[in-house]
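A.B. asks: Let me give you the structure first, and then I'll get to my questions.
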Amino acid sequence: MSDKDSELNMDNISHVDTDSEEFDCDNRRIPLEHLPMFQRLASVNGKINRMKRRQLINIMNNKKLNTDGEIDVLRKRLKNHYRMQALIKAKICESEATYFPYFVVIDIEATCTENNPSDYKFEIIEFPAVLVDAKKRKIIDHFQAYVKPTINPKLSEFCIKLTGITQDQIDKADSFELCLKRFTKWLEEHELGTKHRFSIVTDGPFDMARFLYGQCLMSEIPYPKFATKWINIRKVFRSFYFTKQVKHSVLCNLNAMLTFLDMQFEGNPHSGLDDSFNIARICIRLLEDGAFIDQNERIISLKTPSPYGKDDPLPVRPVHNIFCDGMHSHSNNRWLVTRLKTLDLNDGI
């Protein structure tokens, strides 16, 4: 198979070649007008899966893509390139940079003890954010606010030692409600959510689904709309750098991700702002390596909302985003596969 054939001649397929990342999507969410695009992408993905390293590098050099990394990374990078081109052509994305032109990385610090009881109420004590320009691949601003807790106003020695936050900083801090208003104003100053699309990025589900959700309940204020969906960077990292067979067994905390990328932690661990900066560095590296970064988790409403303690259920579910995950099939839903077989797909991507 020549490189030219790999790029241009798309065979008709009799099955859906899935490239499932973290979860299968609900086929009913795919708009009918986008079905041909997703079948073409599925066909391209199948061809890329069969390419050898030399073929991949030749095509990627022609497209001026980064050719560093193992063959699985090269395949995903090339798939993401074709995916982005298709999304732009379908006017789903506006540029080649990313689906979201800006990312706001948040790593919250909360009150804690050395051995938190099961019903311990975590209160936010540091609310930081780092703004990433996805197109320029750089950090352009940051926000930081310390927050005064009300249920546990005196920090434990363990918490002080872990986070580096002092009792004096907390005593002089504003309430969570005021801090959230300051953060919302910071977003508005950057025209995020108005002129510019953006997404929250976190290291795991806990910042939004445990700390922010629980704090809003305790402070009796509405959960902010900007945080209803977010990007769990661990899921993106696992899916991009590891195969489906091993990714769920890979340790994927902040230090492990940095180590894998041959990067060193910069700053003080468990400082919310420093953690956010380092997560932002990982986010930028993923963009440079060709990863497609999109929202993959969302908040849900609980019938009896009390996500305070470590043993309470997290009000979080995966986001089924067809524009990020491509097209997948369900064993109990064959309509899409049947529908795709009837489409004329002679034109290329």
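The values are calculated or read from the model by the stated rules, or taken from the named source; none is laboratory data. Remember, it's a predicted structure, so these values are computed and weren't measured experimentally. Positions of Cβ are generated from backbone atoms using ideal geometry, with glycine treated the same way; all protein chains shown enter the neighbour counts. The accessibility values were calculated without ligands, DNA or RNA, using every heavy atom of the protein model including side chains. Shrake-Rupley method; radii C 1.70, N 1.55, O 1.52, S 1.80 Å.
A.B. asks: With a cap of 12 neighbouring Cβ atoms within 10 Å, and only residues DSSP puts in a loop, list the GluC sites (Glu not before Pro) found in the stretch 41-148.
C.D. replies: Numbers: sites: Glu70, Glu94, Glu96, Glu109, Glu114, Glu123, Glu126; in loops: Glu70, Glu94, Glu96, Glu114, Glu123.
Those that pass, being in a loop and sparsely packed, are Glu70, Glu94, Glu96, Glu114.
A.B. asks: Enter the accessible area per residue of the stretch 33-171 (Å², integer; probe 1.4 Å; all protein chains in place). Walk me through the intermediate numbers first.
C.D. replies: Working: 6440 Å² over 139 residues.
Counting only protein heavy atoms, the per-residue value for the stretch 33-171 is 46 Å².
A.B. asks: With a 1.4 Å probe and all protein chains kept in place, how do Ser239, Ser301, Ser118 rank by accessible area, largest first? Could you put the intermediate results ahead of the total?
C.D. replies: Working: Ser239 10, Ser301 110, Ser118 60 Å².
These residues rank, largest area first, as Ser301, Ser118, Ser239.
A.B. asks: Excluding Glu177 itself, calculate the net charge of residues whose Cβ lies under 11 Å from the Cβ of Glu177, where each Lys or Arg counts +1 and each Asp or Glu counts -1.
C.D. replies: Details: positive: Lys148, Lys181, Arg182; negative: Asp174, Glu220.
Once all neighbours under 11 Å are counted, the net charge is +1.
A.B. asks: Moving to a separate point now. Here are some pairs, Lys135/Lys195; Lys181/Lys225; Lys64/Lys136; Lys136/Lys195; Lys136/Lys181; which of them have Cα atoms lying more than 19 Å apart in this structure? Before the final figure, lay out the partial values.
C.D. replies: Working: Lys135/Lys195 16 Å; Lys181/Lys225 13 Å; Lys64/Lys136 17 Å; Lys136/Lys195 17 Å; Lys136/Lys181 28 Å.
Long pairs (Cα-Cα over 19 Å): Lys136/Lys181.
A.B. asks: Tell me the trypsin sites (Lys or Arg not before Pro) within the stretch 191-274 that lie in a loop according to DSSP and have at most 10 other beta-carbon atoms within 10 Å.
C.D. replies: Numbers: sites: Lys195, Arg197, Arg210, Lys225, Lys229, Arg234, Lys235, Arg238, Lys244, Lys247; in loops: Lys195, Arg197, Lys244.
Of the trypsin sites (Lys or Arg not before Pro), the ones in loops of the stretch 191-274 whose Cβ has at most 10 other Cβ atoms within 10 Å are Lys195.
A.B. asks: What percentage of the solvent-accessible surface of the stretch 45-88, computed with a 1.4 Å probe over protein heavy atoms, is contributed by carbon and sulfur atoms?
C.D. replies: On the way: 900 of 2060 Å².
That fraction is 44 percent.
A.B. asks: Also, I was wondering about something else. Could you check the simple spin-label distance between Lys154 and Thr228, using points 7 Å along Cα→Cβ, in nm with one decimal?
C.D. replies: Modelled inter-label distance: 4.2 nm.
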